[in-house]
Amino acid sequence: MDEIARDYGVKSYSTLTGFKYIAELIKNKNAEKFIAGGEESYGYLVNDFVRDKDAIISCAYICEIANWAKDNGKSLNDILEEIYDTYGFFKEKLYTIKMEGISGSNRINDIMEKYRSTPPLKIFGDKVKEVIDYNKRVKNPIINVKSNVIQLISEKNYSITLRPSGTEPKIKFYFSLSGDNSEENKNKLSNLIDKEILNIKNNYE
């Protein structure tokens, strides 16, 4: 979304997970027109009437896009491939480890603390250039909220973001990688994620 917004000269903002943060951003930036917002778990919002994830308006828009595509001899997949060709292919995946009970909670805290104190030097085989601890840094100063979230960013702008689940006894690892839209690159990114998951399993499961 950031790349597309930048291409069209539109401001984009990142928030913590949850539509309450998107709604807060809409409220605090009411002088700017809100176009759309979304989150990793597929929730999406167009315009600012609802201020929560809105499947109804999202379905209406995807139907409109599908209708336009049909009129122009295309499919939704054709449009998606055009986006990948223009802005790059983004491979994202969520991996969770379930750790129940008090011992599980303590284990999750230990993992978070280890990433804080001794973060890995490489992720996906690429050197880590930045470690962001959102317990110490506000994700967006407009909202002014901190959270138990750590993000590792590599020199190729690959990233791993980890946080405890707010509703379940789990720790969550979010992987995000990007590159060109070739099949070779898609396979490469998938393999890099598989290797990183195996590394996490060996260390923490």
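Take the cross-link list K136/K188; K11/K114; K33/K91; K20/K74 and give me the ones stretching past 31 Å between alpha-carbons. In this structure, K136/K188; K11/K114; K20/K74 lie more than 31 Å apart at Cα.
Please rank K29, K11, fewest neighbouring Cβ atoms within 10 Å first, as an exposure proxy.
Working: K29 13, K11 9.
Listed from fewest to most nearby Cβ atoms, that is K11, K29.
Hey, with R₀ at 30 Å, roughly what FRET efficiency would V50 and K195 work out to, going by the Cβ-Cβ distance, to 0.05? Taking R0 as 30 Å, the efficiency between V50 and K195 is 0.15. Inter-label distance, L76 to D2: 2.7 nm, where each label sits 7 Å from its Cα along the C-beta direction.
As a calculated quantity, the FRET efficiency between E100 and E39 at R0 = 30 Å, using C-beta atoms, amounts to about 0.70.
Extension gain, R116-N203: 0.36 nm per intervening residue step, less the Cα-Cα distance, totals 29.8 nm.
For segment 106-187, taking Cα atoms only, Rg and Dmax work out to 14.3, 43 Å respectively. Give, to the nearest whole percent, the P(r) tail of segment 2-85 beyond 18 angstrom, counting all Cα pairs. Of all Cα-Cα pairs in segment 2-85, 53 percent lie more than 18 Å apart. Rounded to the nearest 500, the helix-only mean residue ellipticity at 222 nm of the chain stands at -13000 deg cm²/dmol, with each DSSP H run of n ≥ 4 adding -39,500 (n - 2.57). In the list (i) 16; (ii) 34; (iii) 28, the label attached to percent of Cα pairs over 29 Å apart as derived from the coordinates here is (ii). Here Y95, Y158 are placed in order of increasing Cβ neighbour count within 10 Å, fewest first, which gives Y95, Y158.
Its residue count N fixes a reference of 2.2 N^0.38 Å for segment 59-171, and the Cα radius of gyration divided by that reference is 1.47.
Annotation for I65 and Y87: the two label points, set 7 Å from Cα along the Cα-Cβ direction, are 0.9 nm apart.
In degrees, nearest 10, range 0 to 90: what is the angle between the Cα axis of helix 183-204 and the longest Cα principal axis of the chain? Once rounded, one gets 30 degrees.
Since every read-out is calculated from the coordinates, none of them should be taken as a lab result. This is a predicted model, so every value here is computed, not measured. Positions of Cβ are generated from backbone atoms using ideal geometry, with glycine treated the same way; all protein chains shown enter the neighbour counts.
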